[in-house]
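The values are calculated or read from the model by the stated rules, or taken from the named source; none is laboratory data. Please read these numbers as outputs of a predicted model, since none were measured by experiment. Note: ideal-geometry Cβ built from the backbone for every residue, glycine included; neighbour counts use all protein chains shown.
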Amino acid sequence: MSEELLTVTGLVRRFDGLTAVDDISFAVHQGEVVSIIGPNGSGKTTTLNLVTGTIPPHAGQIVIDAEAITRADPVHVAELGIARTFQNGRVFATLSVADNIEVGLHSRLKASRPLRRLSRIFLLRWIPLLAELFVAIVGTPAARRERAEIDARVADEIGRFHARLGPRQDDPAYSLSYANRRRTEIARALALGPKLLVLDEPTAGMNQSETAEVLDQLLELKAQGQAMLLVEHKLDLVMRVSDRVIVMDGGRIIAEGNPRAVRHNPVVIEAYLGRRRGASEGEAR
């Protein structure tokens, strides 16, 4: 097994009287695809929100590539190499496809964002803002070189979905089909060049043909060594793309293992598929 990229230990998150994530621990290794499945309300998306800094945990620890990010904000998490998509697609409706993808590169900018580390200090946030404004107006050789790199990176990600996004790269996102908005969101996450790609139901709302296209793209990413943490309800996709599957129910992990073992686990069949223990293999399918 390769080295651990993401390590989650004893993670807890409560909402008022409800414990949405209840003392869970797991890891994602370099180049590994791990999927989290479970019935609605089992804590899957909350887990992704915790890992990506969208919400803080009440207990536990999250480590990415040997650096603790338990209390890190989403910007810092992205800078450390975690990019994500959301359960409900989030694109900037009035920006073009290309501009939406470029947004994903914001945390990687250096020449265009001088003194960016000062933005974490509340009283000094105005300094990097003025520096960015100066660079935007006046320009520097380094910023121009970075601009060319950005354009090339955006072109690469559009090329990944060329048949779908290529002809629409200058169109506003609001004019896209739902499936193409999801593709734009995935391309934006990939533009970061993430160590870990976090996908929350990437095929939600897609038909069978569109889902097959996304599956092929995920398999291609897997072949390239991209580590992924995936939440998805379509079990056929999960079973084909995953190295390991984690099953949650009631905020807890109730099973974990390779796809075949998880699919035939009677506890999983009962909790996730709504079957009784002892259901035959044919019924589970």
- The lone exception for ARG153 - which of (1) surrounded by fewer than 20 Cβ atoms within 10 Å (Cβ to Cβ); (2) under 19 Å from ALA83 (Cα atoms); (3) at pLDDT 95 or above it fails: (3)
- Message: Looking at LEU165 and the list (1) touching a Ser or Thr at 6+ places or on another chain (Cβ under 8 Å); (2) part of a loop (DSSP other than H, G, I, E, B); (3) not charged (D, E, K, R), which single condition is not satisfied?
- Response: (2)
- Message: Kindly evaluate ARG145 against the criterion of being under 17 Å from the mean Cα position of the chain (by Cα), assigned to a helix (DSSP H, G or I) and in contact (Cβ under 8 Å) with a residue 24 or more places away in the chain.
- Response: no
- Please list, ordered by first then second residue, the pairs with beta carbon atoms under 8 Å, 6 or more apart or interchain, first in region 14-31 and of a type in the set (A, V, I, L, M, F, W, C), second part of a loop (DSSP other than H, G, I, E, B) and surrounded by 15 or more Cβ atoms within 10 Å (Cβ to Cβ). ALA20/GLY43; ALA20/GLY251; VAL21/GLY43; VAL21/PRO57; VAL21/GLY251; ILE24/GLY43; ILE24/GLY251
- Query: Does SER25 qualify as being outside any strand (DSSP E or B) and in contact with a Gly (Cβ under 7 Å, 6 or more places away or on another chain)?
  - Reply: no
- Task: Mind listing whichever residues of region 106-124 are surrounded by fewer than 12 Cβ atoms within 10 Å (Cβ to Cβ) and assigned to a loop (DSSP other than H, G, I, E, B)?
- Result: LYS110, ILE121
- From (1) on the phi > 0 side of the Ramachandran plot; (2) in contact with a His (Cβ under 9 Å, 6 or more places away or on another chain), pick out the condition that doesn't hold for THR203. (1)
- Restricted to region 204-241 and to residues being small (Gly, Ala, Ser) and within 15 Å of the chain's Cα centre (by Cα), the residue farthest from VAL268 (Cα to Cα) is ALA227
- Query: Only one of (1) in contact with a Leu (Cβ under 7 Å, 6 or more places away or on another chain); (2) assigned by TED's automatic domain parsing to the domain that holds ALA136; (3) free of Cβ contacts under 8 Å to residues at least 60 places away in the same chain fails for LEU50. Which number is that?
  - Reply: (2)
- Item | Scan of region 183-221 for residues that are among the hydrophobic types (A, V, I, L, M, F, W, C), under 25 Å from SER96 (Cβ atoms) and not in a helix (DSSP H, G or I), ordered by number | LEU192, LEU197, VAL198, LEU199, ALA204, MET206
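Residues checked against (1) of a type in the set (Phe, Trp, Tyr); (2) surrounded by 15 or more Cβ atoms within 10 Å (Cβ to Cβ); (3) modelled with pLDDT under 95:
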residue	(1), (2), (3)
ARG182	no, yes, yes
LEU197	no, yes, no
GLU201	no, yes, yes
ALA212	no, no, yes
ALA227	no, yes, no
VAL241	no, yes, no
VAL262	no, yes, yes
VAL267	no, no, yes
ARG277	no, no, yes
- Query: Is it the case that region 78-99 has a residue that's farther than 26 Å from THR45 by Cβ, surrounded by 12 or more Cβ atoms within 10 Å (Cβ to Cβ) and touching a residue at least 24 places away in the same chain (Cβ under 8 Å)?
  - Reply: yes
